[in-house]
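Below: one structure, written as structure tokens.
The values are calculated or read from the model by the stated rules, or taken from the named source; none is laboratory data. Being a predicted model, the structure only gives us computed values, none of them experimental. So basically every Cβ, Gly included, is an ideal-geometry build from the backbone, and we count neighbours across all protein chains shown. Ligands, DNA and RNA are stripped out before the accessible areas are found, and what is left, the full protein with its side chains, is counted by its heavy atoms. Shrake-Rupley method; radii C 1.70, N 1.55, O 1.52, S 1.80 Å.
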Amino acid sequence: MNKNKSWAVLIAAVLLTVLMGYTVLIGFGPTGTGAAKNIITGLDLAGGVSITYRAAGDEAPSSEDMSDTIYKLQQRVSSYSTEAQVYQEGTDRINIEIPGVSDANAILEELGKPGSLTFQLMDGTVVLEGTDVKSAQAATSADSMKNTQNVVSLTLTEEGAVKFAEVTAENIGNQIAIVYDGSVISAPVVQTAITDGSAQITGMANREEAEKLASSIRIGSLSLELEELRSQVVGAQLGQEAISTSVKAGVIGVILVMIFMCIVYLVPGIVSAAALLIYTLMMLILLNAFDLTLTLPGIAGIILSIGMAVDANVIIYARVREEIAAGVSVKGAIKTGFQKALSAILDGNITTLIAAIVLAWKGTGSVQGFAQTLSLGIVLSMFTALVISRLLINAVYALGVQDEKFYGRAKEVKTIDFVGKKKIFFVISIVLILVGPVTMLMHKNSDGQALNYSLEFIGGTSTTVTFNESYTIDELDAQVKPVVEGITNSADIQMQSVTGTNQVIIKTRELTVEERIALEKALEENFSVDAAMISTESISSTISSEMQNDAIVAVIIAAILMLIYIWFRFSDIRFATSSVLALLHDVLVVLGCYAVVWISVGNTFVACMLTIVGYSINATIVIFDRIRENLREQKKNQSIADVVNLSITQTLTRSIYTSVTTFITVAILYILGVSSIREFALPLMVGIICGGYSSVFITGPLWYVMRTKVGKKKN
């Protein structure tokens, strides 16, 4: 790269950074419209619309019908936000909470009125029920003249497909009316027998008509007929202090990481700091551009991707120093360093990206939100590390910063015998793993539940209070929350104000009759609340059993695909098996942390565990990549144990630095954050330490044991 091109690269980088910074920062002004202000935030950060439906009819609905309806509604409202929540209230009511919106009437109109849906012949004979419809979507297709037309695509259940095949075969040329809530909303003519469970309704005047019909069919295919009870706009669950401290912690964390990189890696560190700044700004802009909803789990995805962005730079510049120490020129070291680091960066990021894509595909709610932000972060981190950093470092070199002292030289380190001490490491890991089940069993016997399950997992009690004055969420945290904690003896409390009123919704664990009476009395005494203005209802979990099953299935599929990818890339299933076992090790240790510290297990628990999965697998891949490389260059007098020890020693600095930089970001979040943020950050810190430990002390020796015992290779 000549000097003119180098200056052009640096000037372009500066202009890009300034432009992106302006785009982000103008969002903080009172009339700003920039990316920072327009990022969609979830109920926990910004509030939204709350709608309550009641099952129609005099008879109480069955638990099965309620569960099925809740699950289907969750799928419906996910189009508004991946963080939308649907849960049961009392015996016959369902609450829907959608973040980031403020017009309840618009949502009600778009969502449609949940009513009964049937497919009828013209004599009134019902041939299909709404529950026979699996999905309905507006789409486009080509007609007989190859013109584009708006249609509604239907997919039926297995049982519905059998019914529909029979009725359409018998009624070709006749109409089948779609009756919603007593009114015919469409009466398409049967053109042919439909035997595959998929059908199209044509004749739509425009896209809007197709969307409206599809929405009516979807909402009418619920197990229960629902009627609207109330709708309201609710405030954020976390106060402004929680949001501002999280932002401040993020800024401080990134700055400290940038300073750390500059000190440790000199000129390459400055380049990586610039790349990290560009990454952060691009992330904020794209969060806005793709309308991704940001919540605490989403923040976890960003933290992990920042860690991976730093990790990629650490891998590259550690390689550059190794090449310089081997006698290669600085220019050659930069070129070779990027080349040798490429496989580790790609394999680590792609493995984590596989998991993120599966979670985004199969997961729901916070799992999907986490996966979306993580996927975006991974792609950006690879781009900034492999493209931006490379352009900048080559430009800096071409402009005359060529002396070796500006880049550093890897110091020769004595190889550590990790394999020889494997029994000690394995015993430590077994003890750490057993801490969790033992503690959970003790809690089960004493408290009745193994873990401190939160409202999201087991439901609880919703108390609606009309105060004599309006309170902000920060005032509620400071004044009301301590009073509620005194009754519940639990910090797992969610409070939301109803916009335009003095009403506050307080969600707690399930309260006994005595505790409900005590809470009412405490509110009366401390805030002069009229007892008649306090109402309580039992509420279900926001993470339904179906959603839990979806998350478990997603994690299993992701683990299998990661195992297959690692097996394919390393041509040895023992690498893949060791990776997954180390991953399981880290998850179980963090689970033990939740049990020992008695941290609330809710949405953030899911995000924390998924973060550990991504972090752990990425750290392991880097070490395995070096083992793979050293095996190719294995000397005759070098045993497999020597190769493993050498590989772990060579990557030890990288493992420490990456753990430190990621830990710094989360630790600042823990130090500055409010209680709910700290509950989220603490297990993350434990997971980061555990992930670093397992990658260095467990995965290599574990692979060695499998290689020498299963593969029958001499050590």
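Structural remarks
- Here residue 145 fits the description: of a type in the set (A, V, I, L, M), over 30 Å from residue 539 (Cβ atoms) and modelled with pLDDT under 85.
- No other residue among 461, 439 is closer than 17 Å to residue 592 by Cα, surrounded by 17 or more Cβ atoms within 10 Å (Cβ to Cβ) and not hydrophobic (A, V, I, L, M, F, W, C) apart from 439.
- Residue ranges of helices (runs of 4 or more DSSP H) in segment 339-455 with at least 1 members of a type in the set (D, E, K, R) and touching a Phe, Trp or Tyr at 6+ places or on another chain (Cβ under 9 Å): 389-398, 422-447
- Matching entry among 602, 592 (being modelled with pLDDT under 85 and open to solvent by less than 10 Å² (accessible area, probe 1.4 Å)): 602
- Meets criteria (free of Cβ contacts under 8 Å to residues at least 24 places away in the same chain, closer than 30 Å to residue 328 by Cβ and open to solvent by 30 Å² or more (accessible area, probe 1.4 Å)) for residue 387: yes
- Filter result for residue 192 (surrounded by fewer than 15 Cβ atoms within 10 Å (Cβ to Cβ), of a type in the set (Val, Ile, Thr) and either closer than 21 Å to residue 73 by Cα or in contact with a Ser or Thr (Cβ under 8 Å, 6 or more places away or on another chain) (or both)): yes
- Filtered residue count, segment 522-560, keeping only those that are open to solvent by 70 Å² or more (accessible area, probe 1.4 Å) and either assigned to a helix (DSSP H, G or I) or under 21 Å from residue 485 (Cβ atoms) (or both): 10
- Qualifying residue in segment 137-150 (condition: acidic (Asp, Glu), open to solvent by 20 Å² or more (accessible area, probe 1.4 Å), in a loop (DSSP other than H, G, I, E, B) and within 16 Å of residue 223 (Cα to Cα)): no
- Any pair with Cβ under 6 angstrom, 6 or more apart, that starts in segment 470-483 at a residue that is β-branched (Val, Ile, Thr) and ends at one that is open to solvent by less than 60 Å² (accessible area, probe 1.4 Å) and assigned to a helix (DSSP H, G or I): 483/522
- Filtered by the rule that a residue be closer than 19 Å to residue 303 by Cα, open to solvent by less than 30 Å² (accessible area, probe 1.4 Å) and among the polar types (S, T, N, Q), segment 355-384 gives 366, 373, 375, 381, 384.
- Residue 349, sole failed condition from (1) under 26 Å from residue 267 (Cβ atoms); (2) surrounded by fewer than 23 Cβ atoms within 10 Å (Cβ to Cβ); (3) at pLDDT below 90: (2)
- Summed over segment 496-521, the residues that are outside any loop (DSSP other than H, G, I, E, B) and of a type outside the set (Lys, Arg) give a count of 15.
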